[in-house]
Amino acid sequence: MFTLPEIAGDPSLLTRRLMRIDGSDVIFRPLTHADPELLASFLAGLSPESRRLSTFDGYDLATAQELCDAIARYDKLRLVLEEAPAGRIVGLLELSLDLHPHDIARFREADIQLSATDCRFGPTLADDYQGKGVGTQIFPLIADVARGFGKRRIILLGGVLADNARAIRYYQKNGFQAVGSFTGTNGVRSLDMILDLDLSAGQ
């Protein structure tokens, strides 16, 4: 199984090159300590609507630096999509390997017992990459990474906003099942969804 320090020490373990439908290439790789400026450009370029749907604390260089400084220090593995050969970051994909007590309590209400073999996932794509099949193309890589950390199910990091129809279709297309809903502290309704990686492997 992978460990976060191992990936931080050798990002090539999870680095893959993919050809998009239009023939261009993107690189799927772990976030590195050299990425703050590239990541800051990605965050700053997100539209107000993309920011509404995301979970970042900020969209500037300070936030990007904080995310890069956190590599292998906490429970999160952050991966990026990078345009080749331009080097522009066009996606940030977060896997949280630990669970939050609030998640455990919500899923318990849906008669689902979360455990150490579950993880959380949250993707964000640049506006010009949304709705073009990139998320679906890379999801098998995300599933493989989760399995590489010994995970058997994936839930959504912070759920998915109930009015985010495109994201809900994306998750359903990739095997996630809706199991309940909740209202956040901001009064906005979100859905909880879960994917069984053992079942998805046989599809």
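The values are calculated or read from the model by the stated rules, or taken from the named source; none is laboratory data. Model, not experiment: these values are computed from the prediction. Counting neighbours? That spans all protein chains shown, and the Cβs are built from the backbone with ideal geometry, glycine included. In case anyone asks, the SASA skips ligands and DNA or RNA and just uses the protein heavy atoms, side chains included. Shrake-Rupley method; radii C 1.70, N 1.55, O 1.52, S 1.80 Å.
Brief remarks follow.
- Straight-line reach from Lys173: taking Cα to Cα under 23 Å and skipping same-chain neighbours fewer than 8 places apart, the lysines in range are Lys132, Lys151.
- Net charge contributed by nearby residues that have their C-beta within less than 12 Å of Val145 (K/R +1, D/E -1): +3
- Taking 0.36 nm per residue of separation and subtracting the current Cα-Cα distance, fully stretching the chain between Glu6 and Asp98 would add 31.4 nm.
- 222 nm mean residue ellipticity, helices alone, for the chain (DSSP H n ≥ 4; -39,500 (n - 2.57); rounded to 500): -9000 deg cm²/dmol
- Difference of contour (0.36 nm per residue) and Cα-Cα distance, Thr117 to Lys132: 2.3 nm
- Segment 70-112 and segment 115-167 have Cα centres spaced 8 Å apart.
- Where labels lie 7 Å past Cα in the beta-carbon direction, separation of Ala86 and Asn186 in nm: 2.8 nm
- Largest-first ordering by accessible area, 1.4 Å probe, given options Leu53, Leu67: Leu53, Leu67
- Rounded to the nearest 10 Å², the accessible area of Arg52 at probe 1.4 Å: 110 Å²
- Taking Cβ atoms as reference points and 13 Å as the exclusive limit, the residues near Gly87 contribute a net charge of -3, counting Lys and Arg as +1 and Asp and Glu as -1.
- The distance between label points at Glu109 and Gln177 comes to 2.0 nm (points 7 Å beyond Cα on the Cα→Cβ vector).
- Given the alternatives (i) 29, 20, 16; (ii) 70, 24, 16; (iii) 25, 19, 18, semi-axes √(5λ) of the Cα gyration tensor in Å as computed for this entry is given by (iii).
- Exposure check, 1.4 Å probe, all protein chains in place: Leu46 carries approximately 10 Å² of accessible surface.
- Taking 0.36 nm per residue of separation and subtracting the current Cα-Cα distance, fully stretching the chain between Arg52 and Thr32 would add 4.6 nm.
- Given a 1.4 Å probe and the protein chains as shown, Lys132 ends up with an accessible area of around 110 Å².
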